[in-house]
1. Modelled label-to-label distance, residue 217 and residue 120, 7 Å Cα→beta-carbon offset: nm?
2. Residues of segment 1-22 with backbone nitrogen within less than 19 Å of a virtual label 7 Å along the Cα-to-Cβ line of residue 65, please, listed as ranges.
3. Please list 3J(HN,Hα) in residue order for segment 99-106, calculated via the Karplus relation 6.51 cos²θ - 1.76 cosθ + 1.60 where θ = phi - 60°; whole Hz, with x for glycine and proline.
4. For the chain, find the longest principal axis of its Cα atoms and tell me its angle to the long axis of helix 147-167, 0 to 90°, nearest 10.
5. By average Cβ neighbour count within 10 Å, what is the ranking of 1-7, 99-105 from highest down?
6. How charged is the neighbourhood of residue 145? Take every other residue with its Cβ under 13 Å from the Cβ of residue 145, and add Lys/Arg as +1 and Asp/Glu as -1.
7. Taking H placed 1.01 Å from N in the peptide plane, check which residues at least 5 places from residue 247 or on another chain put their amide H under 5 Å from its amide H.
8. Please give every one of the aspartates and glutamates within straight-line cross-link reach of residue 153, meaning a C-alpha to C-alpha distance under 16 Å, and leave out same-chain neighbours fewer than 8 residues apart.
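Only the coordinates and a few stated rules stand behind these numbers; no lab work does. Since we're looking at a predicted model, the values are computed, not measured. Glycine gets a Cβ as well: all are built from the backbone with ideal geometry, and neighbour counts include every protein chain shown.
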Amino acid sequence: MTPDPKRHAGKSILVTGSASGIGLGIVDRFLAEGARVAGFDLNPTPRDGVLSITGNAAHEPDMDQAVAETVARHGGLDVMVCNAGVIAVTPVTEMSFAEWKRVMDINIDSVFLGSRAAARAMIAQGRGGVIVNAASGAGRRGVPNLAHYCASKAAIINFTQTLAIELAPHGIRANTYVPGHIETPFWGGIADGFAKRWGKEPEEVIAAFRASVPWGRFGTPDDVAATVSWLATDDAEYMSGQALAMNGAEFPY
Ligand SMILES: NC(=O)c1ccc[n+]([C@@H]2O[C@H](COP(=O)([O-])OP(=O)(O)OC[C@H]3O[C@@H](n4cnc5c(N)ncnc54)[C@H](O)[C@@H]3O)[C@@H](O)[C@H]2O)c1
């Protein structure tokens with residue numbers, strides 16, 4: 001669908017993990033729909049017209065500062081998207097504690113810190129708000145070689161359910177999006193990791209994952225961004241605590 005340039009006119013949105021892939025797709029969609037967009041990432045967000053903030057979303061002072069800067073520069077915060085995340089491909093018996101901690105800490109801590117900072121700002125401004133957190137189909141089932149990633153994404157779904165209940169009296173909604181396979185730079189590392197495990201080429205790994213999608217293709221960042229945008233409208237006013245999948249019919253939940 002062609003973005004409506006007035007859909008989010010005047011709203012302030014902050015996206016973490018905004019320099020690449022799905023996060024950048026969300027930035028593009030909200031820019032096209034008239035929002036004031038701030039992006040927070042380890043790397044600068046490569047778009048004109050975005051308030052680009054660099055730092056670590058899993059580091060408390062950085063995350064608090066990113067929300068404070070967005071509120072100060074854009075006159076508040078209406079939509080928070082905690083999208084930053086990392087993955088690694090290793091079976092449990094070979095996984096170091098350091099790798100386990102890295103994936104769990106970045107994925108869960110960034111969502112907790114981003115949601116908390118956003119909720120505090122939204123409660124203080126008293127005009128409600130929308131929080132959307134990145135989960136994954138891997139958060140709804142076990143996937144060999146991805147135990148830490150799966151566990152972190154399951155935690156994000158559950159955390160967001162609690163958040164939705166606690167924030168309802170403030171008119172703040174909280175949901176997760178649950179992508180299947182979305183074509184982004186994320187897949188470079190995944191394909192290399194599985195290629196090593198399976199004794200195949202990365203291209204063969206990508207082809208195998210593509211073949212597992214009934215819709216016949218990987219999703220695009222905009223396939224995710226379109227749902228995030230809708231969640232941020234009043235049409236989704238009665239939707240909170242939900243986990244919404246976009247996956248080409250792959251995970252039948
Ligand atoms: N691509 C997929 O198929 C897929 C499927 C399900 C879920 N997801 C989830 O969607 C989100 C985005 O994935 P993507 O495919 O766009 O990945 P990506 O690797 O293309 O982009 C991730 C971005 O997050 C940033 N980032 C990582 N750690 C950070 C940190 N600590 N602080 C700030 N920024 C940080 C990176 O610099 C990068 O710009 C992730 O949470 C991922 O788990 C992706």
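1. Simple spin-label model gives 4.3 nm for this pair.
2. 14-19
3. Coupling constants for segment 99-106: 5, 3, 5, 4, 5, 4, 5, 5 Hz.
4. 20
5. Values: 1-7: 11.4, 99-105: 15.4.
The most tightly packed comes first, giving 99-105, 1-7.
6. Net charge around residue 145: -1.
7. For residue 247, the qualifying residues are 180.
8. Of all the aspartates and glutamates, those that pass the test against residue 153 - Cα under 16 Å, at least 8 places apart if same chain - are 99, 105, 109.
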